[in-house]
1. Restricting to strands (runs of 3 or more DSSP E) lying wholly in region A:190-248: which have 1 or more residues that are touching a Phe, Trp or Tyr at 6+ places or on another chain (Cβ under 9 Å) and not charged (D, E, K, R)?
2. I'm trying to understand the selection: among the residues of region B:288-309, which are at the interface with chain A (Cβ under 7 Å from one of its Cβ atoms) and of a type in the set (Lys, Arg)?
3. Residues to consider are B:Ala311, B:Ala319; find the one that is under 27 Å from B:Ile377 (Cβ atoms), touching a residue at least 12 places away in the same chain (Cβ under 8 Å), in contact with a helix residue (DSSP H, G or I) (Cβ under 7 Å, 6 or more places away or on another chain) and surrounded by 20 or more Cβ atoms within 10 Å (Cβ to Cβ).
4. Working only within region A:132-162, note down all residues that are more than 11 Å from chain B (Cβ to nearest Cβ) and of a type in the set (Lys, Arg).
5. Within region A:133-141, does at least one residue satisfy the condition of being in a helix (DSSP H, G or I), surrounded by fewer than 21 Cβ atoms within 10 Å (Cβ to Cβ) and among the charged types (D, E, K, R)?
6. So B:Val245 ticks every box in (1) within 14 Å of chain A (Cβ to nearest Cβ); (2) exposed (fewer than 14 other Cβ atoms within 10 Å of the Cβ) but one. Which box is left unticked?
7. Name the residue, out of B:Ala220, B:Ala208, B:Ala234, that is touching a residue at least 24 places away in the same chain (Cβ under 8 Å), of a type in the set (Gly, Ala, Ser) and more than 30 Å from B:Leu318 (Cα to Cα).
8. Mind listing just one residue for me: the one in region B:375-419 that is buried (at least 19 other Cβ atoms within 10 Å of the Cβ) and basic (Lys, Arg) and, of those, farthest from A:Arg146 (Cα to Cα)?
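The values are calculated or read from the model by the stated rules, or taken from the named source; none is laboratory data. Keep in mind that this is a model prediction, so the values were computed, not measured. FYI the Cβ positions are ideal-geometry reconstructions off the backbone, even for glycines, and counts take in every protein chain you see.
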Amino acid sequence: MTGTSQEPAPARELVLSLRGISKQFGAVSALTDIDLDVHAGEVVALVGDNGAGKSTLVKVLAGVHQPTSGTITFKGEPVTLSDPATALSLGIATVFQDLALCENLDVVANIFLGKELSPMRLDEVSMEIKAWKLLNELSARIPSVREPIASLSGGQRQTVAIARSLLLDPKLIMLDEPTAALGVAQTAEVLDLIERVRERGLGVIMISHNMEDVRAVADRIVVLRLGKNNGIFLPDASNQELVSAITGAENNSVSRRASRRAQAQESQP
Amino acid sequence: MTDKVTQNAPQPQLLDRADVRVKHAEGLGGTISAFFDRVRSGDLGSLPVIVGLAIIWTVFQSLNPVFLSANNLVNLLFDCSTVGVIALGIVCILMLGEIDLSVGSVSGFASALVGVLWVNQGWPVGFAIVTAMAAGAVIGSVYALLLNRFGMPSFVSTLAGLLAVLGLQLYLLGSTGSINLPYESPLVNFGQLMVMPAWVSYGLAAIAGIGIFWTGYREATRRREAGLSAQSMAGIVARAVVIVVVLEAIVFYLNSSRGIPWMFGLFVGLVVAMNYALKRTQWGRSMHAVGGNREAARRAGINVRYIYTTAFMLCSTLAATGGILAAARLASSSQQAGTGDVNLNAIAAAVIGGTSLFGGRGSAYSALLGIIVIQSIASGLTLLDLSSSLRYMITGAVLAIAVIVDSLARRSRVSHGRA
């Protein structure tokens, strides 16, 4: 792909590099020849319409799905992400769209799931303190960390999932629709958090349908369409450009609506 | 400004008490009302089984005054231990939302193996027991393999195992059909006669109380040092004292007859160990997670296949252990061992005790409580001289009630946000 020529050459270290990633589910090609680069201290927004393959790509990087073909290079080394544990141990943390929390366990248990302190004699006190610290960093409004996840609201669950991804000091964080279920203040907190994570020199991949959020934090916007790369934009790209890349046409429902409204406004005064 | 500081100073903010919307139980009254709130929202814990046990005991005692005699209760404890150990394994499996229908066959097979190796082949008894337990572990690992590699539902694989292992048991015993274990041997003594000396049983009850106090005290101190809320000293002491008094009273009553069987001691020891493993280790946490949401557990980096393998192996090993204890109790390895209602009693005990069939919820103590309920019914009906046909029907009805309570409680938990 030559689309990368649009971006300014970043001097920073390349954290993650995908070349020619394809993923097939039976006859359906969910991803075709995807290329993607993420540098340290960079926020890459992944946008695209429903079914564009964003979540599939995130799942490939999280080790949930294995790519049919293509290479993944992480910190300069080619890697095979055969299962989620491998991805986690490399330092790729993921907040899934469905959050992947265990509803029967409490907040502390969920944050530390699979990474419990002192495995033969769980150190509940240290885990609870660390959980509170993480949640307070996120300005989370969690009433009690000893309640099962089932008793929390959607936004609170989202915060727990984000807190969990930060636990292991990852090198790359992927957030699949991180602000979809959040209130105004918490959305701002999450965006702040993403910026803080970027300042710490981590790479961030963020999926969102909210162009406002994307423009607010992203350094680059990568557009997927029907499982293929469809251009890379800077955050100052116009809405028109982005939408046409996402939907694949100048003439689409969004632009038609915009032009209708413009016409109506012109004829009105 | 200074006003605010002086107001805040005497009450340092605890880390987990920052949110004003949450009600926290304070003191003894608070603990009690919190308990009622929990029950109302469907988090029943051991309450239904304790209520059920009280009803069953009252009914049988009024029908036959021998029922609650110390002698009968000691016999009850002997009978509880064998199927109870099997039920303990079932708790592990149900925790994952799976099932093992072959535990009865595995227990019968283990008892046959011990009989053949020890009595017919002349192996040392310890070696025969270890071999039988290892055979159980192998059977469990086969189920896990079938589930992990071929995605075979445990319901089907263990149903197949039920028949296959029963066949193995009949093949081992051959045409004689039954092997008598020597009466004077330590194994049979253990299963039929050996009881704790009085001082040991009193001592163990006291140690249980001290242990509860010590762990509660240590945790409260650590939490307070770390700036978290902690249980009050009075609460910890009160709990430990109540438990010690109740246990010592039970021990005192049973010591007026033969005393506490060592076999029951072994069973309780296994329950306590299992409770620790499920509550306080990473393995136990992973068990809860896999039972609650398998995919989430996998994405959290838990090796789900390993968890399934350990659970199935543990269940079959415990089933084999239960079978060996049953052989010791009956002083024989026969074709009937492990058949009939053993399977269902073990599963029923775990469910009646409060382990959910839906996975992700349960406790090792449910095996202990559940098997006491099941054996109380069996013992009570035997004392009334009722036929086994009636016993099956009543046990079946109790199991159905337990599952209904489980389902209703689950629905209530979902609507109260506690699923």
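1. Values: elements: A:203-207, A:220-225, A:228-233.
So the answer is A:220-225.
2. Those that are at the interface with chain A (Cβ under 7 Å from one of its Cβ atoms) and of a type in the set (Lys, Arg): B:Arg298, B:Arg299.
3. Numbers: B:Ala311 fails: under 27 Å from B:Ile377 (Cβ atoms).
After ruling out the rest, the residue left standing is B:Ala319.
4. Within region A:132-162, A:Arg157 is the sole residue that qualifies.
5. Looking through region A:133-141, at least one residue is in a helix (DSSP H, G or I), surrounded by fewer than 21 Cβ atoms within 10 Å (Cβ to Cβ) and among the charged types (D, E, K, R).
6. Among (1) within 14 Å of chain A (Cβ to nearest Cβ); (2) exposed (fewer than 14 other Cβ atoms within 10 Å of the Cβ), B:Val245 violates only (1).
7. From the options B:Ala220, B:Ala208, B:Ala234, the qualifying one is B:Ala234.
8. Here the residue is B:Arg413.
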